[in-house]
Structures are given as C-alpha cells and as structure tokens.
Amino acid sequence: MTDLTKPRESWGTRLGVIMAVMGSAVGLGNFLRFPGLAAKYEGGAFMIPYFVALFLLGLPLAWAEWAMGRYGGARGYNSTPGIFRAIWPRRFSPYVGVIGLLVPVGIYMYYVVLEAWCLAYAWFFLTGRMAGLGQVARLADGSINKQVFQDFFGSFIGSANDGDAMVLGGQTALTFLLICFLANFVLIYRGLSKGIEKFCLIAMPALVVCALLVLLRVLTLPWEKVNPALGFMWNPDVEGKSLLESLKNSKMWLEATSQIFFSLSVGFGIIITYASYLKREDDVALSSLTSCAGNEFCEVALGGLITIPAAFIFLGATAVAEVADSSFTLGFVTLPMVFESMPLGQFVGFLFFFLLFLAAITSSISMLQPAIALLEEGLGLNRKTSVAMLGFITLIGAMFVLYFSAGATALATFDFWVGTFFIFVLALFQTVLFGWVLGAEKGLAEIDRGAAIRIPRWIGYMLKYVSPAYLLVIFAGWIWQQWTTEEGNMIKAIFADRVVGLSVGFIVLVTVFFLFLIGQSVRRWTIRDHQRQEVSL
Amino acid sequence: MNELATMLVLAQSADGYRLSAGGWVVMILSVGFVTLLLAWCIWKVLATPGETNKLHAQADIDPHDADAE
C-alpha cells in the first residue's frame, strides 16, 4: 500500500490518482443494486428521494466521516468503537460502534456471493457458455427469449429451492464462491492489496470504457424501443400512479437513502476507519467529493442509463419488476442479453463482468478492515489472527446466504437489515456525533485542514439539524408503514418466514459476538488510560 | 396469433412509458449534474498544485498493520 509520507510518483499521472479515487468508490452498488431499486420503485420517482438523500445526507456525512475518522486516528483509535469513544468519552459510545463492525462484516457475507456471480458470469462469457445460451435463446425473428436467460440465472443461484446452489464441483455457484472467498482471504491475510490496487488503476478506467460501450449499444437501438425504456427509468410519474402517490411510500425513501449510503460507503464504518490512518495535512474534503462524484457518475449516468433501459427493452415493464426479486439480480439477467445482441458481445461481456468482479473485490477487501482494526487495537491480536477469525465467521455467513437461496431470501434479508436498516441507524448516530458532540464548528475545521476546497458553512447546520431530522422523519414513516400494512412488512416477516427469521437470528448472533469483543476492548482501553494517568501524575 | 396479441399488448404498455417532458427534465438534470460534478472535481485536482499528494481513497490508505507481519 502507498506510504503516505512519500510523494506519489508511483501513482503516475495526476489523472491516475483521480482514477484510483474514483475506482475505489465504484462497486456492485452502481451497476447492480441501484438499477434494481430504481426498477422496484418506478425509476423516475425513485430519483427524487435519491438526490434528496445525496444532498442532505450522502455528501455531508461522507465529509463528516472522513473528518471524524482522522480526528479519532490522531487520538490513537482506528476502529469505530474506539473513534466513537475518542469523540464521545461515555460508557455507551463504544458499544454503538458495534454497528460500524456489523454493517461491513454483514454486507461482506452476501457481497462475496455477488462477487462470485460476477466471476462466474465472466467465466461463462470467456468459455462461450453464454454464447451457447444466446444461440438457444435466439428466436426465428432475431429477438432473444428472455426466459432462457432467466432460467439459467435462476438455476445457477438456486432460486427454486434452498440448498440448490450448494453443489460442489463443476461451474456451480458454490465453486465460484469458494474461489472468491479464497482470493479475498489471501489478499487480506497477506496484505497484498498493493498488486490489486495497481491493477485497478488500469481496470477501473477500462470498466468505465466498457460501460460506455454498452451504453452506446443500448442507446443506439431503435429509438421507438429506447424512448419508452428511458421513460420507464426517468419519468417522474407512471401510468396509474401519480408522482405524489409514489412519493408517499416511506420504504422507497428509506431504500433510496440506504442506496446513497451503500454506494458511497457512508454509514458503513469503512471510511471512518480508513480516514483514521490519514495525516493531518491530507485533503479529506476534495478526496471525499471526488470519490462521491466518480461514484455518482458511474451509478446515475452509466448504471442508470444501461441496466434499466436494457431491462425494459428486453424484458418489458412488467417483467422488470418480477426479475428484480432481489435488488442485485436484475443485471445478471438483462446485461447478458444486451451483450448477446451486440458485436463482440462475448468479449465485452467477459470484460464487463470480470471488471465488475475486480471492482467488487477491491470493495470487499476493505469491508473487513473495521473489524480487523478492533481486534488489533482492542484485543492486541495480530493481523493474521484477526483475519483468520473474521474469515471463519464470514465463511459461515456466506454459506448461510448461499444455502438459503430460494427466492434469494437470505440475501434480501441481509441486504435489508444490515445493508439498509443498520446503515441508517449508524448514519443517524454519526450525524449526532458530528453535529452535537464534536460540534459542527470543530468538525468543519477538521474538514478544512489541508483542503483545497472550503466546503460551505451551512453543511455544518445541515449535519446538526437537517440530516438527523430527515433521517428521523423517514425512519418514523417507515415504522408507521410497517405498523399499518401487511405488504412488504419486514418486521412481521421475521416471525412469519422461517428463512427471514433465521437470517435475522444470525445477524443478532454476530452482533452479540462483536459486543463481547468491544466489552473486552473497552476493558483494555480503560486500563491503558489509568496507566497513562498514573504516569502523568 | 397469440404472439401477435402479446406483442401488441407490450407495444401498448411500452407507449405508456414514452419519455415525458418531466422525464427529460429529470434525466438531463440527473445525468448532467453528476457529469458536471465529476468534471469540476477532476479540474480542481488537476489545477491545484501538490493536490495529488494529499488526495486519498480507501484503496490507497495504508492501515499500517499490513506491513508489520
């Protein structure tokens, strides 16, 4: 990894640095999760809560996390429980940091499964299996039978029955998962991120170029097909449902907010951990903004213009919602159909899914760092022991997600509770921590240190008053909806659906484990503090 | 015959989604904003001397412990 004290010759050109910052933010959320959610919530209407969340929460909170992380790092803490303790020295504050461990580790458990799907699809394109599938799916009039691709994907992930994906040997989801898990484990265990970083300097721009090629292909299809597809994605009102009616759905606001958090890695505990290793003179303001801008470009301008319009063109409006049974699955059905209908589709398909796999692996590697930081600084374990312990826990989690594959229920449950609900809770706590405990003025001064840009002062007021109020209103609306409706009720599903209940039970177990570790860490920190006090006396 | 009927239904439902004036506005504002924001960030980084030494992403930040083993 880069030595922050040395000049950045190794990064080559300045553009290379920008690409690295952008590439770091790009992941599966941009090309798979965002389009899935947009399809679920009528496209254009979804963009309104999405951009509101970006302005009110995403950008301000990203700045706040970078600043709080560096603030905690300067006081000797790198994990979220430690950083929270440094900012708010109260008994309970480190325990709230459990969410900053649970979210990245919990997301890792299903993210690595998605990574495996990307790798598998890259392999299928490379070896010609997708081309073979395309031949089977090609109808006499030249169009493509969507059912063939849907069935193939459903069979691959085992969406019919639980346990269907747990077949070892051959080109199965389990085989690819084990390969991905091993690759992640080796990279993290041996601290070999340097190689993959350099590779990503080339890979990320290539992913963007590849996405631009696909975009060109989608937008150059006959206009009578493209027009309604773009309308589906961008029209703020849809037939039979007004914009106001769509906006009344509090779950859409919750999920749009969570998408901003998921995509920008805000409320994860990851940025705050990594920022704790920065130097005082580093520019957190422009680093954060460039990263967010790169991410948003890939998500809205590329992800938004590719996956949904392609899905609409090939599947039709009704089927889009049916395919999007989990937020992530849409791209695996629609994108192969796009590749199948374009020149050099086999090569572009391989390149796209492989680069997506690389983007995913750079993200997943960083997901374990918050927990590693706690195990190291709190319990005094070395990196290898910490990684081994986390590797064991996350392997069980990933197998759990893969086993309960019917309807991708376990994946969707993890994504909702860990990838939405807890991100939301952590974000709320962090706005309070920044705006009220650290203080907006002190926080803004921390953001300004070493920065090439001066962020507007009203961002401080936003983080102090508007952001927490906004989060609370959405949260209250969601609770009310859960209380009053049966459809999509996530709380009742815990007791009504066995797999949902088991998934939530698993999340609770992991939480309890992390709380125990934090308890041990707090004990060590307290002893250390007493010893320091005695020395100073 | 059935296929023809299905195609007609699909065509009708597709027409219902034709890009409206509001859709054009949302699309241009959304795509335009994210593109301009990224362009501005790139310009700012390139135009500020020494900025590349101070710019970081999580991928290039060293958590110190990695090299300790």
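Add +1 for every Lys or Arg and -1 for every Asp or Glu among the other residues with Cβ under 12 Å from the Cβ of residue A:258, and state the total.
Value of the local net charge: 0.
To the nearest 20 debye, what is the magnitude of the charge dipole of region A:83-193 about its Cα centre, counting +1 on the Cβ of each Lys and Arg and -1 on the Cβ of each Asp and Glu?
It works out to roughly 600 debye.
Can you list residues from other chains, or at least 5 along the same chain, whose modelled amide H is less than 5 Å from the amide H of residue A:450?
The answer is none.
Between the chain alone and the structure with every protein chain in place, find the residues of region A:207-237 that drop at least 10 Å² of accessible area; heavy atoms, 1.4 Å probe.
A:223, A:224, A:227, A:228, A:230, A:231, A:232, A:234, A:235, A:236
Too long at a 21 Å Cα-Cα cut-off: which of A:146/A:241; A:40/A:241; A:442/B:44; A:40/A:146; A:251/A:492; A:279/A:464?
From A:146/A:241; A:40/A:241; A:442/B:44; A:40/A:146; A:251/A:492; A:279/A:464, over 21 Å: A:146/A:241; A:442/B:44; A:279/A:464.
What is the interface area between chains A and B, defined as buried accessible area summed over both chains with a 1.4 Å probe, reported in Å² to the nearest 100?
Details: alone 21490 and 6640 Å², together 22950 Å².
Interface area, both chains combined: 5200 Å², rounded to the nearest 100.
Calculate one ³J(HN,Hα) per residue across region A:273-279 by plugging θ = phi - 60° into the Karplus curve 6.51 cos²θ - 1.76 cosθ + 1.60, and present them in order as whole Hz with x for glycine and proline.
The phi angles translate into 5, 5, 5, 5, 8, 6, 8 Hz.
Near the amide H of residue A:138, under 5 Å away, which other amide H atoms are found, from residues 5 or more places off or on another chain, if H is placed in the peptide plane?
Hits under the 5 Å cutoff: A:145.
Put +1 on the Cβ of each Lys and Arg and -1 on the Cβ of each Asp and Glu in the protein assembly as shown; which of A:506, A:451, A:297 then has its Cα farthest toward the positive end of the dipole?
A:451
Can you show me the helix-derived [θ] at 222 nm for the protein assembly as shown, built from DSSP H runs with n ≥ 4 at -39,500 (n - 2.57) apiece and divided by the number of residues, rounded to the nearest 500.
For the protein assembly as shown, the value works out to -22500 deg cm²/dmol.
Using a cut-off of 12 Å between beta-carbons, work out the net charge of the residues near residue A:530 (Lys and Arg +1, Asp and Glu -1, residue A:530 not included).
+2
Just order A:487-498, A:121-132 by mean Cβ neighbour count inside 10 Å, highest at the front, would you?
A:121-132, A:487-498
If you count, for each residue, the other Cβ atoms within 10 Å and average over each peptide, how do A:299-311, B:17-29, A:64-76 line up from highest to lowest?
On the way: A:299-311: 26.3, B:17-29: 16.4, A:64-76: 23.4.
Sorting A:299-311, B:17-29, A:64-76 by mean packing, highest first, produces A:299-311, A:64-76, B:17-29.
Applying 1/(1 + (r/R0)^6) with R0 = 35 Å to the Cβ-Cβ distance of residue A:458 and residue B:21, what FRET efficiency is obtained, to the nearest 0.05? Write out the running numbers ahead of the final one.
Working: r = 32 Å, r/R0 = 0.91.
Step by step, r from the Cβ atoms, then E = 0.65.
In a shell of Cβ-Cβ distance under 13 Å around residue A:77, excluding residue A:77 itself, what net charge do Lys and Arg (+1) and Asp and Glu (-1) give?
Its environment carries a net charge of +2.
How large a share of the accessible area of chain A, in percent, is made up of carbon and sulfur atoms when the probe is 1.4 Å and the other protein chains stay in place?
C and S atoms contribute 65 percent here.
Treating only the Cβ of Lys, Arg, Asp and Glu as charged (+1, +1, -1, -1), what charge dipole size does the protein assembly as shown show about its Cα centre? Round to the nearest 20 debye.
1400 debye
Using the basic label-point model (7 angstrom from Cα toward the beta carbon), what is the residue A:219 to residue A:279 distance in nanometres?
4.1 nm
With the Cα gyration tensor of region A:14-536 in hand, convert its eigenvalues to equivalent ellipsoid semi-axes via √(5λ) and list them largest first in whole Å. Walk me through the numbers before you get to the answer.
Numbers: eigenvalues 273, 127, 105 Å².
After scaling each eigenvalue by five and taking roots: 37, 25, 23 Å.
Hey, can you find the accessible area per residue of the protein assembly as shown for me, probe 1.4 Å, expressed in square angstrom?
38 Å²
The values are calculated or read from the model by the stated rules, or taken from the named source; none is laboratory data. Computed from a prediction, not measured in an experiment: that's the story for all the values here. Neighbour counts are summed over all protein chains in view; Cβ atoms, including those assigned to glycine, are modelled from backbone coordinates with ideal geometry. Side chains included, ligands, DNA and RNA excluded: accessible areas come from the protein's heavy atoms. Shrake-Rupley method; radii C 1.70, N 1.55, O 1.52, S 1.80 Å.
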